[in-house]
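What follows is a single structure, written as structure tokens, with notes after it.
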2 protein chains.
Amino acid sequence: MEARPGGRSARVRDAVRQATLVELAENGYGGLTMEGVASRSGVHKTTVYRRWGSPEGLIADALELAGSEPWPIPDTGSLRDDLRGIVELVRSGFADPVAGPIASAFVSAAVQGSGPAQALHAFFASRHEQAAPVVERAIARGEVPPGTDAAELIRLAVSPVYYRLFITHEPVTERDAERAADAALAAARAGVLRE
Amino acid sequence: MEARPGGRSARVRDAVRQATLVELAENGYGGLTMEGVASRSGVHKTTVYRRWGSPEGLIADALELAGSEPWPIPDTGSLRDDLRGIVELVRSGFADPVAGPIASAFVSAAVQGSGPAQALHAFFASRHEQAAPVVERAIARGEVPPGTDAAELIRLAVSPVYYRLFITHEPVTERDAERAADAALAAARAGVLRE
DNA sequence: CTCCTATCGCTACTATTGTTGCGTTAAGCT
DNA sequence: AGCTTAACGCAACAATAGTAGCGATAGGAG
């Protein structure tokens, strides 16, 4: 017989996903335990082990879910403001008391296991693609040189925020976010990001 | 009676530190277990628990050791080449088959626990300070505007490398490193990093 | 050299984490 | 409605992680 995407299995899956997110928000990735998720979701421990195998598996599954949600890319008519908007979106996302810890947990999990790492890789590939139109519009407007690498410009703009958050563990202000966006723009204007 | 910095305790400490580094290189932070370190170091399990308490404690201690080593900052006479050198130093460090996994494990540990996070914060503060003269010399030579924020320029230059390594999990080429350095330079020249 | 005690090693124990085998339930087909 | 079987729950078990109490050892002071 075939797989059964609907019905009980689906309910179990949803309950576990939900419980995973709540556990992540409360205790972070380090505090994500199979038994914790099991008891919170009401799904039995053995079932969680069978279907997800490990905390890594739980994360990879939850990430897949989160990755499907689109990103509200700005379109202000000015690359400077679009970039600032994107970077601020990232900064405020991690600062959010609910979404922040969950997003941080994803990063944390991806640094440890290859499963979550692949999932996060795909997630960011999608994000870079979604943000690319901002750059293409700017090229059309003549704000940056033709041939400017869109994904690279986005990487450049957001990376200082991630660097502070997850590498140096420094606070990130709104001004830091703006400056990162402006710096990326300046580099693009100078033609450094042409392919 | 006072603490005993030398003698047996010191030997135990060194053996554990050494074993911690080897375990990190082999299994990463996720595979760093108290029992593994104990058996490898020849120090008894209970002693490792008593003095270091947890894997986090082991990491914090090892990081303190690693942080004391200075950084071979380049001085080529050109900011462009100095920055490229610094970024390439970072990239090649993580690509190194011995030092890479250990350094990655530090980052990984810091993302999880606040103890290692503080230690890593201090580590990078030191790195930023050590790299600042590169920028100051460049200001003196007139390559970038006076008032350019040295630490921010360094952050900007290295952050895309860390972003690829630990956030998006993309490969990092030498060309990527160069481009990051050049982009940071362009931003500084444009005056975006003045305080 | 001798004594004192901080630190370590050892054994035995508890708690937590992960596994196995089997009976039960319910989704989906006829 | 009745049947088939994939997926779940359950209890008992095995393995690993962490703790406690106590005797042994070796710095360092006198």
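A short reminder: the numbers here are calculations on the coordinates, not readings from a lab. Since we're looking at a predicted model, the values are computed, not measured. Here Cβ is always computed from backbone atoms with ideal geometry, including for glycine, and neighbour counts include all displayed protein chains.
A few comments on the model shown:
- Label-point spacing for B:Gln18 across the identical copies (point 7 Å from Cα in the Cβ direction), in nm and ascending order: 5.5.
- Ellipticity estimate at 222 nm from DSSP helix runs (n ≥ 4, -39,500 (n - 2.57)) divided over chain A, nearest 500: -23000 deg cm²/dmol
- On Cα atoms only, tilt of A:79-95 relative to the major axis of chain A in degrees: 30
- Hull volume per residue, based on the alpha-carbon atoms of segment B:7-66 and their convex hull, is 68 Å³.
- Principal axis dimensions, largest first and in whole angstrom, of segment A:72-189 by Cα: 42, 29, 23
- Fewest-first sequence of B:Trp71, B:Trp52 by Cβ atoms within 10 Å of each Cβ: B:Trp71, B:Trp52
- Calculated FRET value between B:Gln130 and B:Ala95, using beta carbons and R₀ = 25 Å, to 0.05: 0.75
- Of all chain A residues, the one whose C-beta is nearest the axis that brings A onto B, in angstrom: A:Ser159, 2
- Between A:Arg40 and B:His44, the modelled label-to-label distance comes to 3.9 nm, taking each label 7 Å out from Cα in the direction of the beta carbon.
- The C-alpha atoms of chain A define a longest principal axis, and helix A:174-189 lies at about 60 degrees to it.
- Peptide A:175-187 is shielded by partner chain Cβ atoms: per residue, an average of 5 of them sit within 10 Å of its Cβ.
- Gain on full stretching of the segment that runs from B:Arg141 to B:Ser68 - 0.36 nm per residue minus C-alpha separation: 23.2 nm
- For chain A, the longest principal axis of the alpha carbon atoms and the long axis of helix A:150-162 meet at an angle near 70°.
- Normalised by the number of residues in segment A:7-66, the average gap of Cα pairs under 8 Å and 6 or more apart makes the relative contact order 35 percent.
- Based on the Stokes-Einstein relation at 37 °C and a viscosity of 0.692 mPa s, and on the Kirkwood radius from alpha carbon pairs, segment A:1-124 is assigned a translational diffusion coefficient of 209 µm²/s.
- Under-5 Å amide H pairs with B:Arg194, H placed in peptide plane, nonlocal only: B:Asp149
- B:Arg11/A:Gln118 FRET efficiency (R0 51 Å; Cβ-Cβ; nearest 0.05): 0.75
- Reduced Cα scattering model of the protein assembly as shown, Debye log10 I(q)/I(0), q = 0.06, 0.11, 0.15 Å⁻¹: -0.27, -0.85, -1.34
- Summing +1 for each Lys or Arg and -1 for each Asp or Glu among the other residues whose beta-carbon sits under 9 angstrom from that of A:Val134 gives -2.
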